[in-house]
Amino acid sequence: MKHLFAIVLAFACPVAVAAGEAELISFLRHEGCTIGPSVIAKAKARGFSQDALNRLAQEALDKGQAKQEGAWVVLDRSLCEMKLPIIQSDYSIGDAVFAPYIAVEDPEGDGAQQGCYLNDSVEALKAIPGMSADDAGDAHLTLLGSGLVSGKLAFFENTPLRAPPGFTVIHNENCAALPAARDVREGFTVRQKHFDWFMRYLFENAICGDDGTEGLHAQWEIGDENKNAWLFFEYEVIARAAGWYEGARVSDGRPPLCHYPKTG
């Protein structure tokens with residue numbers, strides 16, 4: 001019986017390890033397939049061990065399935081496909097506090113759509129008792145990021161020559177029935193589909209610390225499937241809300257939004 005138990009254990013352990021690694025990779029897909037300081041802290045809070053993170057990173061590097069960028073390791077798509085981050089807000093677009101800041105507008109211009117647009121909602125958050133201006137700004141960013149990754153918000157316009165009047169919302173049946181709501185739904189499909197490709201384009205082409213235009217270049221590469229001239233900005237808001245920037249400037253991005261300049 002002891003020998004039988006040993007054989008069963010020998011076969012069971014690799015399966016358990018593989019299952020644990022798959023769960024970790026599933027978590028990392030929403031973290032830019034990137035292992036580094038802030039992601040490690042979040043992963044450990046979710047119950048993943050430092051050893052598991054180290055092992056995955058080192059094995060991927062050894063097999064040529066990852067790249068090391070400073071304190072960050074970015075896993076290749078062959079091992080980990082990036083998905084939209086999981087961004088959870090304490091507030092919802094449908095909360096009564098935002099109602100005064102959502103207006104039905106009929107923008108002028110070729111292709112512009114009548115829709116509900118969210119404007120200046122940070123003022124609504126500032127009015128909440130105990131909410132500081134800084135906290136309101138952070139909460140607003142999280143609200144926007146949450147709306148973009150859930151498909152309830154979009155920053156949509158079909159030309160870069162005109163900015164949308166605000167973030168398009170489909171928070172209720174009336175807004176969802178307006179023409180611009182179609183842009184939100186179609187744009188969300190594109191936003192999901194091309195997220196990995198877009199981020200990996202930035203990782204390969206953008207240098208951390210530079211104020212470049214790689215986001216626009218990446219958007220152009222997507223082609224006709226994308227109708228939104230402001231997709232690059234939507235991705236930037238998502239990345240900021242997910243904590244992938246280490247400051248307020250565009251140049252403050254960290255992997256996978258960019259790679260570090262080569263030295264020597």
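The values are calculated or read from the model by the stated rules, or taken from the named source; none is laboratory data. Computed from a predicted model, the values in this text were never measured in an experiment. Backbone-built Cβ (ideal geometry, glycine too); neighbour counts: all protein chains shown.
Take the residues in region 193-221 that are in contact (Cβ under 8 Å) with a residue 12 or more places away in the chain and of a type in the set (S, T, N, Q); name whichever of them is surrounded by the fewest Cβ atoms within 10 Å (Cβ to Cβ).
Checking each candidate, the answer is Asn205.
Would a scan of region 61-82 turn up a residue that is of a type in the set (Asp, Glu), closer than 23 Å to Asp135 by Cα and outside the structural domain of Leu231 (by TED's automatic domain parsing)?
There is no residue in region 61-82 that is of a type in the set (Asp, Glu), closer than 23 Å to Asp135 by Cα and outside the structural domain of Leu231 (by TED's automatic domain parsing).
Go through Tyr235, Tyr201, Tyr260 for me and flag whichever is among the hydroxyl-bearing types (Ser, Thr, Tyr) and in contact with a strand residue (DSSP E or B) (Cβ under 8 Å, 6 or more places away or on another chain).
Result of the check over Tyr235, Tyr201, Tyr260: Tyr260.
Taking the criterion of being exposed (fewer than 14 other Cβ atoms within 10 Å of the Cβ) and more than 16 Å from the chain's Cα centre (by Cα), would at least one residue in region 227-242 satisfy it?
Checked region 227-242: no residue is exposed (fewer than 14 other Cβ atoms within 10 Å of the Cβ) and more than 16 Å from the chain's Cα centre (by Cα).
Before we move on, is Ala181 assigned by TED's automatic domain parsing to the domain that holds Gln114, outside any loop (DSSP other than H, G, I, E, B), in contact with a helix residue (DSSP H, G or I) (Cβ under 9 Å, 6 or more places away or on another chain) and farther than 15 Å from Pro85 by Cα?
It is true that Ala181 is assigned by TED's automatic domain parsing to the domain that holds Gln114, outside any loop (DSSP other than H, G, I, E, B), in contact with a helix residue (DSSP H, G or I) (Cβ under 9 Å, 6 or more places away or on another chain) and farther than 15 Å from Pro85 by Cα.
Taking region 146-177, which residues are in a loop (DSSP other than H, G, I, E, B), crowded, with 20+ Cβ neighbours inside 10 Å and of a type in the set (A, V, I, L, M)?
Selection gives Ile170 alone.
In this structure, is Asp106 under 27 Å from the mean Cα position of the chain (by Cα) and surrounded by fewer than 18 Cβ atoms within 10 Å (Cβ to Cβ)?
no
Does region 222-238 include one or more residues that are small (Gly, Ala, Ser), modelled with pLDDT under 90 and in a loop (DSSP other than H, G, I, E, B)?
yes
Determine whether Ala103 is small (Gly, Ala, Ser), modelled with pLDDT of 90 or more, over 16 Å from Gly147 (Cβ atoms) and assigned to a helix (DSSP H, G or I).
No: the conditions fail for Ala103.
Could you list, in sequence order, all residues of region 71-94 that are closer than 17 Å to Ile238 by Cβ and of a type in the set (A, V, I, L, M)?
Result: Met82, Leu84, Ile86, Ile87, Ile93.
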